[in-house]
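Structure record follows, encoded as structure tokens.
All of the numbers you see were taken from the coordinates with simple rules; none came from a lab. None of these values were measured; they are calculated from a predicted model. FYI the Cβ positions are ideal-geometry reconstructions off the backbone, even for glycines, and counts take in every protein chain you see.
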Amino acid sequence: MTTRLCHCERSEAIHIIKMSLIEITPEISYLPSVENPLSSDVVFIKPEGSDITWIFDTGTCGEAANLINQIEGKKNIVISHFHPDHILNLLKVKYDKLYVTKYTKKYTRAGEIVEGEESFADGIKLYPIPSSHSKGSLVLEYKDYAFLGDATYCHFRLSAREYNVQLLEQMIKKMEEIQAPNFCLSHDKGFVQPKESVLRIYRKILARRKAGNPTINVNDFFNEDGGVKESEDALGNNAKVKI
């Protein structure tokens, strides 16, 4: 999908510094992730007719905190998982409501816990997703887009990049159930990707499982740039995200 820079008229909903946000739709924009300091993508959703701006992850960089604090009106923040590059700006921003999983709340010390699917009047849906990368991962779905944070990424153990077979199976099943046709993956060069393209990658990984082994090593599955070897499908910086 081709993205474009946010139009000036969007400033009445989100007061921003021009050229900072990338617009996905007139209702959805995001601040791309950066590597130094490591900071997640930060998503801003202003559903049409709603008086609430939904923010998915807060990042760590000062620009993200400034953008969040410049938004007028009600602000609800959703945290995908507890890793620092997704939550540190919580200490610097003001908001009305915070939504987290039970595990993430151990780190945020605040927020309403999401245990199952929760739907809101403005079309926002929140629900947990199994993940090898992080316990307590949370998805935000709105219309044609599901924001998965780092949920699809592997677990880093010393020099090994691995998926837990059971969690990978559960994650794929949940991804298949998601209605949105587009998945948005944090830290990825191609932030917005077709659902089926993403699923194809993880089905290939699951096919590598071996009887009696609870994990799947994927050190040799990705190129240095994070793209999948011998495939046109690419998952951007997936293999580079180290927490």
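Which FRET efficiency value, to the nearest 0.05, do you get for Glu112 and Asn66 by plugging their Cβ-Cβ distance into 1/(1 + (r/R0)^6) with R0 = 30 Å?
0.75
Gain in length, Ala207 to Glu177, computed as 0.36 nm per residue apart minus the alpha-carbon separation, to one decimal in nm?
My answer for the length gained is 8.8 nm.
Please list the radius of gyration and Dmax for region 24-152, considering alpha-carbon atoms only, with Å as the unit.
13.2, 37
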